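Below you'll find the structure, written out as structure tokens, and then a few comments.
Readers should treat all values here as calculations from the given coordinates under stated rules, not as data from a laboratory. Treat the numbers as computed from the prediction; the structure is a model and nothing was measured. Ideal geometry is used to build each Cβ from the backbone, glycine not excepted, and the neighbour counts take in all protein chains shown.
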Amino acid sequence: MLTAEQVIHYAAPDNLLQDRVILITGAGDGIGKAAALACAKAGATVILAGRTVAKLEQVFDQILELNTAEPVIYPIDLEGAKQDDYHQLAVALDNQFGRLDALLLNAGILGQRTPLNNYRQDVWDKVLKVNVSAQFQMTQALMPVLEKSTDASVVFTTSSVGKVGRAFWGAYGVSKFAVEGMVQTWAAELEGLGNVRINAINPGATRTNMRAQAYPAENPNSLKSAEEIMPAYLYLLGSDSSEVNGQSINAQNR
Ligand code: NDP
């Protein structure tokens, strides 16, 4: 495995993801959009999953301009999706590709930045649904198609506030702690069994809508762009990390 510093500065070989089929949630905006474009540039066929079709269509068009593998749009709302919706997704992937080589569980929501004493129950439920339960359900439903890959990588998205509890991060912080625990548990269960590995990535402070919502007074230009943190994503999604399982990886030093 590469060192933490080497992962952050990973130089992806040309065509790293050639012929890999990669599903990215929240692919229409922010980090997910940058990941979709980076994966397409590296040769992957990208399934653009998300809830706002107009945004997914824009990413679709940008990928077409790269003259690489044609992506696929798969609209799904993680807040409302049921088990059957995830199974339909698995069937669609199986029918079209016969496998899934990587799953980037990137979509997430922030919820309220307020003390837990005042936290609203409905927001709590929504954040835990989108950031934890939906991630679990999707991964569980897609496991049979992941198992058909010779080298499948599942990447959950964590956060610094999911490693050390911090005031006012509410359900979001709790949800990211849950993601860290889910990754450790699942990875331990899969260790040595087959070709599926599960890790977490922490993007670190990145210039996106979510970051601006969390830190409205911050100068966005002081932050890394989503494109700048892609080396670690490409490392985890490609085969150079095939021996890495159960790790929580930082995409930048901040
Ligand atoms: P953005 O808010 O910019 O993007 C979030 C993406 O998730 C959007 O594409 C959004 O879709 C999608 N999404 C939200 N809710 C749903 C839903 N119910 N169903 C389907 N898709 C949904 O956030 P970032 O790009 O900043 O965050 C990406 C990930 O990185 C998140 O998991 C976040 O927690 C994590 N993270 C981000 C950090 C940062 O500094 N930016 C730091 C640490 C972690 P739509 O555009 O349609 O709303």
Review point. Any idea which of Val46, Val123, Ile198 is furthest toward the positive side of the dipole for the chain, if Lys and Arg beta-carbons carry +1 and Asp and Glu beta-carbons -1?
Key: Val123
**Study point:** Ranked list, fewest to most other Cβ atoms within 10 Å of each Cβ, for Leu116, Leu16
**Key:** Leu116, Leu16
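Over the residues of segment 4-250, compute the C-alpha Rg and express it relative to 2.2 N^0.38 Å.
Numbers: Rg = 17.0 Å, N = 247, 2.2 N^0.38 = 17.9 Å.
For segment 4-250, the normalised Cα radius of gyration comes out at 0.95.
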Review point. Tell me, Kirkwood radius of segment 1-131 from alpha-carbon pair distances, in Å?
Key: 16.2 Å
Review point. Around Val21, what is the net charge, scoring Lys/Arg as +1 and Asp/Glu as -1 over all other residues with Cβ under 15 Å from its Cβ?
Key: -3
Study note, to complete from the structure: The summed charge of the Val46 Cβ neighbourhood (under 12 Å; Lys/Arg +1, Asp/Glu -1) stands at +1
Exercise for review: Taking only the C-alpha atoms, wrap a convex hull around segment 176-229 and report its volume per residue in Å³ as a whole number.
Suggested key: 92 Å³
Practice item. Given the options Ala107, Ala40, Ala205, state which has the largest fluctuation in a GNM of the chain using a 10 Å cut-off (strictly under) for Cα springs. Key: Ala205
Exercise for review: Order these peptides, 82-88, 228-234, 208-214, 151-157, by their mean beta-carbon neighbour count within 10 angstrom, highest first.
Suggested key: 151-157, 228-234, 208-214, 82-88
Exercise for review: List the aspartates and glutamates whose Cα lies under 20 Å from the Cα of Lys41, skipping any in the same chain that are fewer than 8 positions away.
Suggested key: Asp14, Asp19, Asp29, Glu57, Asp61, Glu65, Glu70, Asp101, Asp151, Glu227, Glu228, Asp240
**Study point:** Fewest-first sequence of Glu70, Glu180, Glu227 by Cβ atoms within 10 Å of each Cβ
**Key:** Glu70, Glu227, Glu180
Check your understanding: Hey, what number do you get for the chain at 222 nm if only DSSP H runs of n ≥ 4 count, each worth -39500 (n - 2.57), divided across all residues, to the nearest 500?
Key -> -12000 deg cm²/dmol
**Study point:** Protection-proxy order for peptides 26-34, 158-166, each taking the mean of Cβ atoms within 10 Å per residue, highest first
**Key:** 26-34, 158-166
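Placing +1 at every Lys and Arg Cβ and -1 at every Asp and Glu Cβ, with all other atoms neutral, what dipole size does segment 101-183 have around its Cα centre, in debye to the nearest 20? Write out the running numbers ahead of the final one.
Working: 8 positive and 6 negative charges, 83 e Å.
It works out to roughly 400 debye.
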Review point. For Asn202, which sequence-distant residues (separation of 5 or more, or a different chain) have an amide H within less than 5 Å of its own amide H, given hydrogens modelled in the peptide plane?
Key: Thr158, Ile249, Asn250, Ala251
Point to revise | Max mean-square fluctuation residue, GNM over the chain, Cα-Cα springs under 10 Å, options Gly108, Gly98, Gly173 | key: Gly98
Review point. Which value, in debye to the nearest 20, gives the size of the charge dipole of the chain about its Cα centre, when Lys and Arg are +1 and Asp and Glu are -1 at the Cβ?
Key: 880 debye
Point to revise | Three-way shape label, segment 145-254, alpha-carbon gyration tensor, a/c 1.5 | key: oblate
